[in-house]
Every structure is written in structure tokens, then in C-alpha cells.
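Shown next, in C-alpha cells, is the structure this report addresses.
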Amino acid sequence: MHLRPFAKATWLSLSMLPLVTGGALPANGQTAPGYDTRVFQATAAIQPQVVQWRRDIHAHPELSNQEVRTGKLVADHLRRLGYEVRTGAARTGVIGILRGGKPGRTVALRADMDALPIAEPQGLPFASKVMATWEGRTVPVMHACGHDAHVAMLMGAAEILAAMKADIPGTVILIFQPAEEGAPNGEEGGAPLLIKQGALNAPKPDAVFGLHVVPGETGLLMWRPGPFMAASDTWEIAVKGQQTHGAMPWKGIDAASLAADIVHAFNQIAARQLEVSKAPIVLSVGEIHLGSRHNIIPGEFQMAGTLRTFDQAMRTIAISKIENALKTIGGQYGATVEIRFSASNPVTSNDAKLAAQMRPTLTRAARGLVDDNANFVMGSEDFAAYEALGPTMFYHLGIGKDAAPNHSPLFTIDEAALEVGVRAHVLTALDFLFESRASSADKTATRH
């Protein structure tokens with residue numbers, strides 16, 4: 001699909017709007033900054049283009065570390081807008097740098113780009129028909145987690161911020177990140193690789209913001225200070241028993257029954273053996289590979305799943321109980337059981353001071369539709385890696401109360417939410433930079 005760039009004449013007229021006060025007033029009665037009118041008009045004007053971008057990216061999804069087309073779309077867009085563009089970040093990522101017309105601090109906004117190996121029902125006119133190779137297998141590909149919307153919203157924010165460049169006190173970094181869902185086995189990727197490469201060292205952001213679309217009231221912005229999204233561990237189990245005929249189970253070691261006992265034991269660990277009132281915890285089985293024929297009892301199998309935690313002590317206890325359960329079950333059957341853990345993401349936490357500072361910002365962006373004490377989220381995010389750079393804030397954007405959950409083949413979004421997401425990106429960047437400048441000016445005046 002050919003995407004026509006938004007008309008320059010439109011943005012020239014928007015960029016000439018004065019910085020007047022009293023734009024869209026926040027629900028808490030605070031006076032909106034002078035650029036709100038300009039931002040609200042700009043987000044409304046670019047909404048059709050953001051929808052078009054989102055649908056194009058949705059129709060052409062790419063798996064982790066394979067986001068070549070998406071990266072080129074983003075890089076070409078940013079270059080047209082006059083950004084300094086760096087490609088190849090964490091393999092296929094793109095970083096855009098906008099240096100404002102006035103001195104100030106640096107803020108970063110992040111969107112992830114990768115899709116998932118999921119087959120999409122062909123109900124939408126822009127549904128994915130893409131097939132790709134993943135770890136040696138040919139798989140269908142779908143944007144079942146909303147990363148298509150993330151990229152489109154940040155592209156829209158890039159255009160609005162570029163039009164305001166002369167007035168921006170500081171620098172805006174846009175991070176279009178690959179492989180948030182996890183790199184293929186044997187490869188590095190995502191935010192950890194981007195940080196490891198030093199891709200954000202020059203300039204280094206003073207704060208990093210990100211958002212994620214989730215089922216919920218359309219346009220609702222949700223977050224909580226402190227721990228927000230869970231840490232995740234991936235575990236893999238290999239079991240060796242003894243294969244036998246399906247009619248003579250007593251002559252072998254029944255791996256299928258052993259697998260059932262493991263699943264039952266794991267459910268007991270999460271529900272009955274850990275103090276869930278202290279912190280949430282989830283232990284789930286996602287894969288079981290065993291068997292080749294209806295009348296053969298398999299002698300071995302592989303199993304994989306995830307452990308989600310918020311508390312390090314509980315994580316340690318959970319791993320110990322998992323290992324003990326496997327040792328006991330394996331011993332009962334006379335089978336050998338091996339397990340391997342690999343940590344994926346740490347807890348994603350919101351800096352309390354930054355979250356408090358940005359509450360009025362997000363309240364304005366969502367026209368008062370916010371929840372700043374949202375529930376803990378058991379999903380995990382590699383956005384947590386950006387905490388190594390300084391204070392971070394991650395929040396969720398509702399895309400429909402009846403939306404299917406993320407990672408479902410039925411996942412879709414109410415595109416009306418995109419305008420709120422673009423506005424949130426723009427206002428968090430502007431408010432952070434303008435408030436930082438004002439704070440610095442106050443400190444200077446106090447010293448003198």
C-alpha cells in the first residue's frame with residue numbers, strides 16, 4: 001500500500017498557531033499549558049493518517065529481529081520530517097532525534113514494532129496473510145498485541161513534534177524498538193540489546209516514556225506508581241521415561257501421565273503454596289510436546305511455560321518448589337526430569353516522582369479518563385530495561401472494553417483510541433521538557 005505523506009500545507013498552518021493559554025482544560029481544574037490547543041488540533045488532524053499507517057503495518061507484520069519493512073517505513077518518515085535518524089539499533093530498530101530550537105533536557109518516547117507467530121482470521125480488509133520463518137518453522141504472523149498501533153501513534157507524534165521544533169526546549173528521542181516479544185533462540189534483541197549497544201548514550205534521555213494498548217474503555221489511560229508489570233521467567237522441562245505399547249502401560253514409564261501430574265502440581269504451587277496476598281504470582285504451562293501415535297505411550301516429552309512474579313523472595317521460593325515437585329514426581333515414576341530457567345524481563349516499575357509529575361499531563365491527554373491506581377499486570381515488558389538510563393514511566397491505553405486479550409487471534413482495537421495515544425506521547429514529551437526548563441529557571445533565580 002502506498003502511503004501519501006500528510007500535506008505540508010496543513011502542518012505549516014498548525015505550526016503557526018500561537019502558544020495561547022487555556023486549550024483543553026484538565027479534569028482537575030489546573031490550567032492547561034499554552035500549547036494544548038495546538039496539540040489537540042494537530043492530533044485530530046493527523047488521526048486519519050495514523051489509522052492508515054496502523055492498517056498498513058497490521059497487514060504487513062514482521063516477527064522479532066525481522067522488522068525490516070516496518071523499520072524502513074519509520075526511517076523514511078522521520079527523515080522527511082527532518083529528524084536525525086539512526087538505523088540498525090538492536091538489529092532492526094530505528095532511533096529518531098529531534099533537537100529543539102531551545103536548550104533543555106532530553107526525553108525519550110518508545111514504541112515496539114514486532115508481531116507474533118499467530119494466524120489471523122480473515123475478517124478484516126487489512127488482515128495479515130503473512131507467513132514467515134521462525135526458529136526453522138514456517139509460521140503465520142499477526143499483530144496480536146497492538147504493536148502496529150504503537151508504531152503508528154509514535155509516527156503521528158513525530159510529525160506533530162517536528163512541526164513544533166522551534167519552540168521545544170530540549171531534545172526528543174523516538175525509539176522504534178524491535179523484538180519486544182523476545183528474540184529467536186540463539187539471538188539477542190529488544191531493549192536489553194539496545195541498551196547494551198549504547199544506542200541511547202548520546203544523547204542520553206533524562207526520562208523514558210512508553211505506552212501499550214490493552215482491552216479497556218476506549219481512550220482510558222491506566223498506570224500505577226511503583227511496580228506495574230510482572231517480572232517473567234521462561235522455563236523448559238525435558239523428561240525421559242520409557243516408551244511402551246498403549247495396551248501395556250505397565251511395561252514402560254508413562255510420560256503422558258507424568259506430564260499431567262506436573263501440570264497439576266504447578267497449579268497447586270501457584271494457588272496453594274505461595275502467599276499471593278503479599279504479591280501476585282502466576283505459573284503457567286504454555287507448551288507440551290509428546291506423542292506420535294494413538295497406540296504408543298510416549299517415553300519422553302518437552303514442556304515449557306512462564307513464571308510471573310513481583311517479589312524476588314517469592315520468585316526464589318517458587319523456583320525451589322518447582323524443582324522439588326519435579327524431583328518428587330520424576331522419582332515416583334522412575335523418570336529423569338530436567339528443568340532450565342531463563343529470566344526474560346524484570347519488573348516494570350513506574351518512577352513515583354515522575355508518575356506524580358505526569359498525572360496532570362495524562363489527565364489532559366485523555367480528557368480526564370484516567371486510572372492512576374490500576375491493578376497489577378501479570379504481563380511483562382522489556383521496557384523495564386530502560387530503567388538503567390534513569391526514571392521511566394509506562395502506561396496502558398484502553399482500546400475497547402470488549403476487545404479480546406492481547407496475544408489472541410481475535411485481538412483488535414477501536415481505532416478511536418489512537419488519537420488519545422498520539423496526544424499522550426506529544427504532551428508527555430512537551431510537559432516534561434517545559435517543566436524541566438521552568439524548574440531549572442526557578443533554581444537559577446533562587447541561587448541569585
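The values are calculated or read from the model by the stated rules, or taken from the named source; none is laboratory data. From a predicted model like this one, the values you see are computed outputs, not experimental measurements. Virtual Cβ from ideal backbone geometry, glycine too; neighbours counted across all protein chains shown. Please note that ligands, DNA and RNA were not included when accessible areas were found on the heavy atoms of the full protein model with its side chains. Shrake-Rupley method; radii C 1.70, N 1.55, O 1.52, S 1.80 Å.
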From a point 7 Å beyond the Cα of GLN122 in the direction of its Cβ, which residues of the stretch 45-65 have a backbone N at a distance under 16 Å?
-> 59-60
Using the alpha-carbon centroid of each, what span in Å lies between the stretch 277-307 and the stretch 206-222?
-> 33 Å
Going down the table (LYS204/LYS353; LYS240/LYS278; LYS72/LYS204; LYS72/LYS196), which pairs top 28 Å between alpha carbons?
-> LYS240/LYS278
If one takes the longest principal axis of the Cα atoms in the chain, at what angle in degrees, from 0 to 90 and to the nearest 10, does the Cα axis of helix 68-81 lie?
-> 10 degrees
Relative intensity, log₁₀ I(q)/I(0), of the stretch 259-314 from a Debye sum that treats every alpha carbon as a point, q = 0.13, 0.14 Å⁻¹ | -0.43, -0.48
How large is the accessible surface per residue of the chain, computed with a 1.4 Å probe and reported in Å² as a whole number?
-> 43 Å²
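Sort 119-126, 178-185, 45-52, 282-289 for me by packing, meaning the mean count of neighbouring Cβ atoms within 10 Å per residue, highest on top.
Details: 119-126: 12.5, 178-185: 20.6, 45-52: 18.5, 282-289: 14.5.
Top of the packing list down: 178-185, 45-52, 282-289, 119-126.
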Can you tell me the alpha carbon radius of gyration of the chain divided by the globular rule-of-thumb value 2.2 N^0.38 Å?
-> 1.09
Report in % the part of the accessible area of the chain that belongs to carbon and sulfur, leaving out ligands and nucleic acids; probe 1.4 Å.
-> 53 percent
Antiparallel as a % of all DSSP beta bridges within the chain, to the nearest 5?
-> 70 percent
Assuming R0 = 56 Å, can you tell me the calculated FRET efficiency for the pair LYS327 and ALA166, based on Cβ-Cβ distance, to the nearest 0.05?
-> 0.25
Mind checking the full-extension length gain between SER320 and ARG137? Use 0.36 nm per residue of separation minus the Cα-Cα distance, one decimal, nm.
-> 62.5 nm
Sorting THR306, THR361, THR87 by accessible area (1.4 Å probe), largest first, what list results?
-> THR87, THR306, THR361
Against the longest alpha carbon principal axis of the chain, how many degrees, from 0 to 90 and to the nearest 10, is the axis of helix 417-447 turned?
-> 60 degrees
Each label sits 7 Å from Cα toward the beta-carbon; between PHE341 and ALA304 the label points are separated, in nm, by 1.8 nm
In degrees from 0 to 90, rounded to the nearest 10, what is the angle of the helix 312-333 Cα long axis to the longest principal axis of the chain?
-> 20 degrees
